[in-house]
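The values are calculated or read from the model by the stated rules, or taken from the named source; none is laboratory data. Everything numeric in this text was worked out from a predicted model, so none of it was measured. All Cβ positions, glycine included, derive from the backbone under ideal geometry; neighbour counts span all protein chains shown.
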Amino acid sequence: MGYIINRKGQIFFGNTLVIMDESDPTYIDYRSFLESGGTVMESNDPNDVILEQIESLRIAYSRRISEIPGMQEAVERFAIDGTPIPQGIVDKREELKTEYHESINQITN
């Protein structure tokens, strides 16, 4: 078993995350390993790719929901004085949420 780096740049030894803190024992072991000529392997876990795709979709759909015409003003009014968010905006948000979950299902199945 050796050190593996995932797509997020996190380094693991087995299932243990290496804490990038010079006083942490996992980091001290990791540095000793590198100093003695050890190398880090890239993860080939397909779950890493799936998690990256899901995060990308989450960001894209969050942006799309935020860009619904009138959304920002409706949310501000709701936060300030409790004015209900117009049903058209709620419906569009629900439509985008449904698309998001369908996209996630396509990736994970």
Would you pick out the residues in the range 64-106 that are surrounded by fewer than 13 Cβ atoms within 10 Å (Cβ to Cβ), among the β-branched types (Val, Ile, Thr) and within 22 Å of the chain's Cα centre (by Cα)?
Thr98
Can you tell me which residues in the range 36-54 are assigned to a strand (DSSP E or B) and either touching a residue at least 40 places away in the same chain (Cβ under 8 Å) or not β-branched (Val, Ile, Thr) (or both)?
Met41, Glu42
In the range 35-50, how many are among the hydrophobic types (A, V, I, L, M, F, W, C), closer than 20 Å to Val18 by Cα and surrounded by 10 or more Cβ atoms within 10 Å (Cβ to Cβ)?
1
Among the candidates Tyr30, Tyr3, Tyr61, which residue alone is surrounded by 13 or more Cβ atoms within 10 Å (Cβ to Cβ), under 22 Å from Thr108 (Cβ atoms) and touching a residue at least 24 places away in the same chain (Cβ under 8 Å)?
Tyr61
Have a look at Glu102, Glu67, Glu76 and point out the one that is in the same structural domain as Leu51 (by TED's automatic domain parsing) and closer than 23 Å to Ile50 by Cα.
Glu102
Could you please find all residues in the range 40-61 being touching a helix residue (DSSP H, G or I) at 6+ places or on another chain (Cβ under 9 Å) and at pLDDT 90 or above?
Val40, Leu57, Arg58, Ala60, Tyr61
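Conditions tested, residue by residue: (1) touching a Gly at 6+ places or on another chain (Cβ under 7 Å); (2) among the β-branched types (Val, Ile, Thr); (3) assigned to a helix (DSSP H, G or I).
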position: Glu22; (1), (2), (3): no, no, no
position: Leu34; (1), (2), (3): no, no, yes
position: Arg63; (1), (2), (3): no, no, yes
position: Glu73; (1), (2), (3): no, no, yes
position: Phe78; (1), (2), (3): no, no, yes
position: Asp91; (1), (2), (3): no, no, yes
position: Glu94; (1), (2), (3): no, no, yes
position: Thr98; (1), (2), (3): no, yes, yes
